[in-house]
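The values are calculated or read from the model by the stated rules, or taken from the named source; none is laboratory data. Note that the structure is predicted; figures quoted are calculated from it, not measured. Please note: Cβ atoms are built from the backbone with ideal geometry, for glycine as well, and neighbour counts cover all protein chains shown.
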């Protein structure tokens, strides 16, 4: 069954590739893409068609259960191996999208992109299910606030309704203890899946999410979650099959609503592995009700968290520019809304490369990073960012669904500033952003003091005050101008290198002339002097070797000037 | 009163952005172009109320632009040139060809604004 699913996606991809003209692109990406695709296809065929099917037919013997386990293992391994080249494909497609494509090519690349992402989604779910079924999933036991969790779930689900005449009604039992011990990320996965499903299948009407305290016994707390809708309903004969993998009630459903059909199987596994229970009842044309009962443990005395979150001092992070690298569409939406509410400017993308470009081209105060991204993964992104001294102090907060990522020894070493475990509530997020920004500002201040002392020795100073005045004190404009200045410098360095190589002295003079005006705007006196000497040299003696020496001097001194500019800029921005 | 339209030709993106910002703040509608070719194309559509151009522009210099406006397009739109201080002889030929004013680099935006408003007044309010 899974084979068919995978192959459908594959066919789409293949179709896209076939009608795609590689000869027109000739780029390295295109051939890499093709290679990656072929590896993926071959690997898949080998894995899927090479199965020892005959073994599975021997029924009614104890070997069968063992086989199921092995199959689970196999699926897990295969999924892993499919995922890697698929991530490659998605990454290269993203690159391809940034090249000059005509509208038809763009459409084809987009189609390939969405087919690949669908495929990745199916594989991820398949992997998750197999890990769950094999009993390898470890459930967490951490304290969490269930009311907050239900709030976040309902907020996320409301963003899903989008334009439909559907109302989500949430009822939460006040008697539920404020904190419980359990696995919050799995709980929100269950609730999101059930409620999300309801939203998908209801065109008009109501969806209710009710949470009750079912029973409190010794240390255990049993919560009942009821998700009911006024949707199309499910016929009795289909009802018993809906938790089976790859079953949707009717074949047409798949066509109309999409989805892999794995969601409910995952939900069922999660609930049963935690010793909970799940029931469904439905009437055609009236609606469907899912009931979940899950046990949690009581938290005896709750830690200092209580007064920490309830503190009255309002946290203000407005005006910050925050880059969010996250591939989950729901979380993207949620983040966007939250950050906007707090007065931040949010840049949200799932593409690591694009994110890095945004960092270069825009002023960003903080990065929220999901470690599991298609294409370039979180660790690589952090590495690339920290490699650039410009982003040495950029706070990077990692968002992660698995607790063990946090235990990663190298976390701090890698350059990750902080960590938020999913699911998190908005207060936590706000607090983390605030703390990390403040820490960074403090760090910058320390560095500034240090640098100012150092600067007494450095001759290459700059003065941004005159240009700030010309910007009418608008720091965002100044920011933008500095970014353009840096581009001018790069252009100057590149062009001059080229002209020196081709002995085009007039070209060197012209370039030096141009950059001199830019340098003058920032009063970068040290570099202006070098430029003037270069211009003079071009006009008079035409000594190429002397020009080369001057240019090398410029290139070695520039990084210090750039640093001085950035320090000045920060000083102005944070009014230090 | 409708906004006066200014065509700004400056290949230095930094200076261009700053001047555009300041001109817009003073109530002008500004179109910024980074190379001479684009400027020439823009002029084919519509002649603005004032043209500001750097002399050293890729493809089509500020001097050529003055010639193009006066002799091909037969327009008397006010032109202010931006020049690097060392190009004295260029400035003389620019004036001879019909440029109205010039400002040398490094450009002070405030000074440019005064020159712009003076040219506008001279040309449209007498």
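Listed values, structure above:
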item	result
Selection within region A:323-347 - closer than 20 Å to residue A:416 by Cβ and surrounded by fewer than 18 Cβ atoms within 10 Å (Cβ to Cβ)	A:328
Count - residues of region A:165-177 that are surrounded by 12 or more Cβ atoms within 10 Å (Cβ to Cβ) and farther than 15 Å from residue A:225 by Cβ	3
Count of region A:458-508 residues which are facing another protein chain (nearest Cβ under 10 Å), more than 12 Å from residue A:565 (Cβ to Cβ) and within 37 Å of the chain's Cα centre (by Cα)	9
Selected residue (criterion: nearest to residue A:399 (Cα to Cα)) from residues of region A:334-351 that are without any contact (Cβ under 8 Å) to a residue 40 or more places away in the chain and in a helix (DSSP H, G or I)	A:335
Every residue from region B:102-126 that is in a loop (DSSP other than H, G, I, E, B) and loosely packed, with under 12 Cβ neighbours inside 10 Å	B:125, B:126
Flag for residue B:99 being more than 14 Å from every other protein chain (Cβ to nearest Cβ), closer than 28 Å to residue A:532 by Cβ, touching a strand residue (DSSP E or B) at 6+ places or on another chain (Cβ under 6 Å) and in a loop (DSSP other than H, G, I, E, B)	yes
Matching residues in region B:22-40 - criterion: being in contact with a helix residue (DSSP H, G or I) (Cβ under 8 Å, 6 or more places away or on another chain) and more than 10 Å from chain A (Cβ to nearest Cβ)	B:23, B:26, B:28, B:30, B:31, B:32, B:33, B:34, B:36, B:39, B:40
Of all residues in region A:510-522 being within 10 Å of another protein chain (Cβ to nearest Cβ) and touching a residue at least 12 places away in the same chain (Cβ under 8 Å), the one that is farthest from the chain's Cα centre (by Cα)	A:513
Any chance residue B:63 is within 14 Å of chain A (Cβ to nearest Cβ), in contact with a strand residue (DSSP E or B) (Cβ under 9 Å, 6 or more places away or on another chain) and closer than 23 Å to residue A:535 by Cβ	no
Failed item, numbered, when residue B:5 is tested on (1) in contact (Cβ under 8 Å) with a residue 24 or more places away in the chain; (2) within 14 Å of chain A (Cβ to nearest Cβ)	(2)
Test: residue in region B:67-77 that is within 14 Å of another protein chain (Cβ to nearest Cβ) and without any contact (Cβ under 8 Å) to a residue 60 or more places away in the chain	no
Number of the condition not met by residue A:146 [criteria: (1) closer than 30 Å to residue A:175 by Cβ; (2) surrounded by fewer than 16 Cβ atoms within 10 Å (Cβ to Cβ)]	(2)
Qualifying residue in region A:359-367 (condition: in a strand (DSSP E or B), at pLDDT 80 or above, over 29 Å from residue A:98 (Cβ atoms) and touching a helix residue (DSSP H, G or I) at 6+ places or on another chain (Cβ under 7 Å))	no
Sole exception among (1) within 14 Å of chain B (Cβ to nearest Cβ); (2) closer than 25 Å to residue A:476 by Cα for residue A:532, by number	(2)
Close pairs from region B:108-121: first away from chain A (no Cβ under 11 Å), partner in a helix (DSSP H, G or I), Cβ under 8 Å, at least 6 apart	B:116/B:23
Test result for residue A:85, over 30 Å from residue A:179 (Cβ atoms) and free of Cβ contacts under 8 Å to residues at least 40 places away in the same chain	no
Members of region A:532-576 found to be at positive phi and either touching a helix residue (DSSP H, G or I) at 6+ places or on another chain (Cβ under 9 Å) or surrounded by 13 or more Cβ atoms within 10 Å (Cβ to Cβ) (or both), listed by number	A:542
Residues being farther than 14 Å from residue B:57 by Cα, more than 7 Å from every other protein chain (Cβ to nearest Cβ) and surrounded by fewer than 24 Cβ atoms within 10 Å (Cβ to Cβ) - total across region B:8-21	1
